[in-house]
Amino acid sequence: MKNIIDEATLAQAIDLLRSGQVIAIPTETVYGLAADAENELAVRKIFAVKGRPADHPLIVHLAKDVPLEGWAEDVPQVAHKLAEAFWPGPLTMILRRGPKAAPAVTGGLATIGLRVPSHPVAQQLLKSFGGGLAAPSANRFGRVSPTTAGHVQSELSEAIPLILDGGPCNVGIESTIVDLSSDYIAILRPGVITAEQIEQVIGMPLVAASASAPRVSGSLESHYAPAAGVEIHNAETAMARAMKLEMLGKKVGVIGHYELLYSIPVESMMSQTIMPLPIDMTPQGFARDLYATLRIGDANKCDVVIVVPPPEEGIGVAIADRLRKSAAPRE
Ligand code: TXA
Ligand code: MG
């Protein structure tokens, strides 16, 4: 993570944002495509650049210690507790919206997603900018979120005037989204801040999110999808499946423990028909590196990537969520 950007680049970023442009910014989770949240035309540009349907609401990013007045209304006590515990950090709270955000931000919903990111460059920018920045992940709609400036460059450089480079993101998957806008508190999108951590702070159990309730674009079935097909396996079935696919003429990437990568047959390794895609297997490391590793599979023209993920507990819940969406049938 690069800690700071120079004054000239910061000034350029602020000028662009003030004049209604869209720029890419680093956050600790993934890179975002940011615009002035109070400028309707600027926010609409985000949807155009991303190719995202206009009824998918955006998260508004705020500087540390900015009051929520104007952005949200009827803010419940638990929201303050959660902010105290997890902001700045990878938590988005859905609250009742105030008048400040441009209508396009929330796509007509009565609620708004707010987050205070911890990345020093994001904070530096938000503090100088003074207002809120609406920002979805800086990828084209449905694709894998970018975790380096280079990822954004390869996908969107023609469409935006500036990409702020804050180094590789150290969380690597999108923020946990918790809905505090109704009587029942629910997680709409799991992340590295886990349900257990949230329950501990609010002192009550969360309810299961209903699929029909608020709109979370990441809750569409196919999402976070690389060009390669993704298959989730366990350690016992993974290599047999890889070899089956190889026999069918496919190029296969494998993400999993070293034991598994070492079991790739030498001939397959030499011919690169089955290739190891090494990754840190701690839940935190896996989350941090997952999207970048899927992109390496794409860069190597893998037809299919076989993944043996860490157990589905703690951060593993968010990893399983993203992998299921990457693996979901497309169109
Ligand atoms: O970590 C993150 O949250 C990253 C970085 C850039 O901050 N942002 C991100 O944005 O993942 P995006 O647009 O890719 O995903 C935001 C999610 C969407 O699924 C959207 O539907 C949901 O937040 N969302 C935003 N406002 C909402 C609202 N008022 N009610 C329900 N869901 C909302
Ligand atoms: Mg996204």
For a quick check: with amide H placed at 1.01 Å from N, whose amide H comes under 5 Å from VAL254's, ignoring anything fewer than 5 positions away on the same chain? MET275, LEU277, ILE306
In whole Å, how far is the Cα centre of region 290-310 from that of region 13-75? 30 Å
Beta carbons within 10 angstrom, averaged per residue: use that to sort the peptides 14-25, 197-208, highest first. 14-25, 197-208
What list of ³J(HN,Hα) values in whole Hz, one per residue of region 234-240 in order, does the Karplus curve 6.51 cos²θ - 1.76 cosθ + 1.60 (θ = phi - 60°) give from phi, with Gly and Pro shown as x? 9, 4, 6, 9, 4, 6, 4
Distribution output for the chain: share of Cα-Cα pairs per 10 Å bin in percent, first bin at 0, values 6, 26, 33, 22, 10, 3, 0
Subset of LYS2/LYS250; LYS2/LYS64; LYS50/LYS250 violating a 29 Å alpha-carbon distance limit: LYS2/LYS250; LYS50/LYS250
For the ranges 271-284, 311-324, what's the packing order if you count other beta-carbon atoms within 10 Å of each residue, average per peptide, and put the highest first? 311-324, 271-284
From the Cα gyration tensor of region 1-121, with a ≥ b ≥ c the square roots of its eigenvalues, which class applies: rounded if a/c is under 1.5, or else prolate if a/b is larger than b/c, or else oblate? oblate
Per the Cα gyration tensor, region 185-331 corresponds to an equivalent ellipsoid with semi-axes, largest first in Å, of 32, 17, 11
Just want the answer: with Cβ charges of +1 for Lys and Arg and -1 for Asp and Glu, which residue in GLN77, GLY89, LEU17 is farthest toward the dipole's positive end in the chain? LEU17
5 angstrom amide H check on ALA72, placed H, neighbours 5+ away: GLY98
For the chain, what is the calculated [θ] at 222 nm in deg cm²/dmol (nearest 500), taking -39500 (n - 2.57) for each run of four or more DSSP H residues and dividing by its residue count? -10000 deg cm²/dmol
If you split all Cα-Cα distances of region 256-331 into 10 Å bins from zero, what percentages do you get per bin, shortest first? 18, 50, 28, 5
Please compute, for the alpha-carbon atoms of region 71-183, the extent along each of the three principal axes and give them in descending order in Å. 42, 30, 29
Can you work out ³J(HN,Hα) from phi for every residue in region 137-149, in order, using Karplus 6.51 cos²θ - 1.76 cosθ + 1.60 and θ = phi - 60°, giving whole Hz and x for Gly and Pro? 4, 8, 10, 6, 3, x, 8, 5, 5, x, 10, 9, 4
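Values quoted throughout were computed directly from the atomic coordinates according to the rules given, and no laboratory measurement underlies them. These numbers were taken from a predicted model, which means no experiment stands behind them. As a convention, Cβ positions derive from the backbone with ideal geometry for all residues, glycine included, and neighbour counts pool all protein chains shown.
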